[in-house]
Amino acid sequence: MISRRNFIKLSGGAVAIGTLAGCAGGTSRSGAGGKVVVVGGGPGGATAAKYLRMADPSIEVTLIEANPRYYTCFMSNEVLGGDRTLDSITFGYDGLRRHGVRVVHDTVTQIDPASRKIMTQSGQTFAYDRAIVSPGIDFKWGAIEGHSAELAESTIPHAWKAGAQTVALHKQLLDMKNGGTVVIATPAGAFRCPPGPYERASLIAQYLKRHKPKSKVIIMDAGDKFAKQGLFMAGWKKHYGYGTDNSLIEWVSAAQGGKVEGVDGSAMTVQGAVDKIKADVINIIPPQKAGKIAFDAGLTDGDWCPVNKKTFESKKHAGIHVLGDASNSAGMPKSGYSANVQAKVCAMAVADLMAGREPGFPSYMNTCYSVVAEDHGISVSIVYTFDEAKNEIIGVKGAGGVTPADASAEALRREAHYAHGWFANITNDIFG
Amino acid sequence: MGSITLFKKMVFAGGLALSGAAWAATPSAVMLANTCAACHGTGGSSVAQIPSLAGAPAEYFVESMKAFKSGARKATVMDRVAKGYSDEEIALMGDYFAQQQQIPMKQSFDQAKAGQGKRLHDKFCEKCHEDGGRKPDQGGILAGQSMTYLTFSMADFLSGERTMDKDMKKKVDEMFKSNDKSSVDALIHFYGSQQ
């Protein structure tokens with residue numbers, strides 16, 4: 001909010017009325033011009049670039065992204081389970097170009113906050129008035145003994161950044177014998193898509209149920225509880241025999257020795273705190289931190305980037321905004337929806353700041369659907385507001401929550417439909 | 001320090017009749033509406049199963065949100081979401097979406113059913129859902145809306161999960177006197193065909 005002091009500072013006489021009206025309205029205003037460079041073309045960066053152009057078409061927006069195509073992590077578990085093609089989670093950048101975003105495929109190597117310049121691998125330099133950095137996640141290799149980026153590229157895929165990794169893990173499942181064991185190891189600490197490992201277990205179990213019913217999935221968990229736990233477990237009971245001797249899914253909590261301490265890619269074993277497990281397919285989802293460029297640019301504090309949650313401007317460097325998985329917006333989960341919404345809040349704030357206006361009061365929301373089985377979807381949905389005194393994103397009291405435990409089969413069927421509807425709309429909102 | 005005087009006049013005395021906190025803590029309409037787009041489509045025009053909000057009368061939006069909030073209208077997700085917004089915020093969103101131009105959803109439909117649906121629509125629905133369901137006098141926009149969503153909605157109306165208003169109930173009953181249950185499907189194909 002505008003503090004009274006800032007308000008006075010900002011305003012002079014009759015101008016004050018204009019400032020107030022601007023805050024209350026917030027739709028298109030006179031153009032600010034200037035240059036914004038967006039680093040990273042995932043849900044956060046792509047949405048920010050598009051919505052910045054929508055908020056103020058006079059701003060020159062350049063998006064720098066290494067890859068010509070983006071594979072969404074969301075719905076990639078359906079690719080693993082064989083219900084969806086990789087093609088259907090693949091998106092290009094022509095939609096952004098249609099919005100007047102200049103898209104450059106290159107890798108950012110340096111961000112200099114003092115001179116406000118961004119340098120790339122190919123030797124280009126981009127000057128900016130404001131930069132938006134949305135690099136997503138990077139993995140903390142070495143947290144698990146014997147684990148490495150090389151191992152993930154060869155035999156133990158993470159499939160936590162979609163694309164070739166998704167294809168590799170899917171192929172391993174196809175090649176696995178009936179009666180095989182799949183291990184999914186969840187990461188310690190904050191990670192992208194908190195319900196994701198459990199949706200993955202569900203959809204792999206669905207594949208096994210259809211094609212290799214003597215097999216099973218073992219979730220080796222670094223924690224003792226997880227997102228939508230009650231709903232997942234109820235779904236697993238209903239579809240996958242969870243809790244019986246023939247269950248397609250086993251969950252080993254950290255307290256039961258689930259935290260994976262080591263992996264052997266040749267012997268195909270994972271070492272838990274208690275047991276060593278031999279598996280046919282091993283999917284280790286490594287612990288995570290902000291994407292590399294965030295560290296190189298000095299935007300991090302610990303694993304993530306501290307930001308002003310009203311504008312997503314970095315607490316480390318003025319003029320650079322960080323959003324999505326890489327930011328420390330702990331109140332919201334690291335999800336595609338969160339990144340999409342944060343990008344819009346950020347884009348509007350950047351448009352305001354470029355024009356010398358005080359940014360408007362933010363609103364955020366997150367809805368995460370998980371597909372438990374073909375006709376069985378569940379969700380968590382939370383509306384968030386901003387606590388300026390604490391610089392925190394907080395859930396609105398008395399609202400939000402997960403699918404009710406007593407939801408009817410028809411309601412769960414509709415949630416599966418809506419999960420797919422959400423996917424179509426959010427990807428169109430980001431890339432279309 | 002003319003600005004202080006002005007500030008005091010505006011905030012503490014007349015005009016705005018709001019405390020500083022209350023005025024600042026209300027996001028703009030576009031800020032609020034942007035958060036809906038990931039599910040309901042950019043600008044409220046959906047390309048999939050979740051209903052479009054664009055172009056719907058503000059009264060319908062507000063009434064729906066309040067019904068979700070109170071639990072009067074059952075939902076999968078929206079009951080949880082609607083509780084997150086004040087009446088003022090709901091009104092802002094309602095006005096915003098009412099001003100957006102709906103982009104009809106591209107979807108496949110059965111031509112013959114759509115033709116039958118058009119005849120039924122003209123006879124039983126057009127009076128309230130005017131212009132082929134494009135410009136509603138009451139209710140939301142039906143033309144170009146997701147057929148999956150319309151199927152769910154009609155199932156709820158017919159099972160009594162969702163309450164039909166008096167006029168709708170009368171017309172639906174009238175339709176069923178001379179038509180079987182497949183007439184609902186025909187209507188849905190007609191609305192889906194409006195692209």
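Data for the structure
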{"read-out": "Estimated inter-spin distance, A:Asp224 and A:Lys292, nm [label 7 Å along Cα→Cβ]", "value": "3.8"}
{"read-out": "Other-chain or far-sequence residues with amide H under 5 Å of A:Val217's (modelled H)", "value": "A:Val182, A:Ile249, A:Glu250"}
{"read-out": "About the Cα centre, charge dipole magnitude for the range B:111-193 (Lys/Arg +1, Asp/Glu -1 at Cβ), debye", "value": "160"}
{"read-out": "Nitroxide proxy distance, nm - points 7 Å out along Cα→Cβ at B:Glu88 and B:Phe157", "value": "3.5"}
{"read-out": "Cross-link pairs A:Lys315/B:Lys74; A:Lys117/A:Lys171; A:Lys344/A:Lys390; A:Lys310/B:Lys83 - those with Cα-Cα distance over 32 Å", "value": "A:Lys315/B:Lys74; A:Lys117/A:Lys171"}
{"read-out": "Derived scalar couplings ³J(HN,Hα) [the range A:411-422; Karplus, 6.51 cos²θ - 1.76 cosθ + 1.60; whole Hz; x for Gly, Pro]", "value": "5, 5, 5, 5, 4, 5, 4, 5, 4, 6, x, 4"}
{"read-out": "Label-point separation in nm, A:Lys209 to A:Gln124, each point 7 Å along Cα→Cβ", "value": "4.8"}
{"read-out": "Estimated 222 nm signal from helices in chain A, with DSSP H stretches of n ≥ 4 weighted -39500 (n - 2.57), rounded to 500", "value": "-9500 deg cm²/dmol"}
{"read-out": "Footprinting exposure proxy for A:Tyr71, A:Tyr364 (fewest neighbouring C-beta atoms within 10 Å first)", "value": "A:Tyr71, A:Tyr364"}
{"read-out": "Coil-residue trypsin sites (Lys or Arg not before Pro) of the range A:324-426, DSSP, other Cβ within 10 Å capped at 15", "value": "A:Lys390, A:Lys397"}
{"read-out": "Cα gyration tensor category, rounded, prolate or oblate, for the range A:149-286 with a/c compared to 1.5", "value": "rounded"}
{"read-out": "Around A:Thr107: net Lys/Arg minus Asp/Glu count, Cβ-Cβ under 13 Å", "value": "-2"}
{"read-out": "In order through the range B:86-96: 3J(HN,Hα) via Karplus (6.51 cos²θ - 1.76 cosθ + 1.60), integer Hz, x for Gly, Pro", "value": "6, 4, 5, 5, 4, 5, 4, 5, x, 5, 4"}
{"read-out": "Backbone HN-Hα couplings from phi across the range A:179-189 [Karplus 6.51/-1.76/1.60, Hz, Gly and Pro as x]", "value": "x, x, 10, 10, 10, 10, 9, 8, x, 7, x"}
{"read-out": "A:Ser58-A:Asn391 FRET efficiency (beta carbon distance; Förster radius 35 Å; 0.05 resolution)", "value": "0.70"}
{"read-out": "Tensor-based shape of the range A:236-387 (alpha-carbon gyration tensor, a/c under 1.5 rounded, otherwise prolate or oblate)", "value": "oblate"}
{"read-out": "Euclidean distance of C-alpha centroids, the range B:150-195 and the range A:272-331, integer Å", "value": "49"}
{"read-out": "Gaussian network model of chain B, Cα within-10 Å springs - most flexible of B:Tyr85, B:Tyr96, B:Tyr60", "value": "B:Tyr85"}
{"read-out": "C-alpha long axis of helix A:164-175 to longest principal axis of chain A, angle in °", "value": "10"}
{"read-out": "Förster-model FRET efficiency, 25 Å R0, A:Ala255 and A:Asn178, C-beta, rounded to 0.05", "value": "0.20"}
{"read-out": "Residues A:Ser266, B:Ser64, sorted so that the one with the fewest Cβ neighbours within 10 Å comes first", "value": "A:Ser266, B:Ser64"}
{"read-out": "Relative exposure of B:Cys125, A:Cys346, judged by other C-beta atoms within 10 Å (fewest first)", "value": "B:Cys125, A:Cys346"}
{"read-out": "For A:Ala66, residues with placed amide H under 5 Å, excluding near neighbours", "value": "A:Gly41, A:Asp106"}
{"read-out": "Most mobile of A:Trp422, A:Trp160, A:Trp304 in a GNM of chain A (Cα contacts under 10 Å)", "value": "A:Trp422"}
{"read-out": "B:Lys170/B:Asp110 FRET efficiency (R0 35 Å; Cβ-Cβ; nearest 0.05)", "value": "0.80"}
{"read-out": "Degrees, to the nearest 10: B:166-178 long Cα axis against longest axis of chain B", "value": "10"}
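Readers should treat all values here as calculations from the given coordinates under stated rules, not as data from a laboratory. Owing to the predicted nature of the structure, the values given are computational and were not obtained by experimental measurement. Neighbour counts are summed over all protein chains in view; Cβ atoms, including those assigned to glycine, are modelled from backbone coordinates with ideal geometry.
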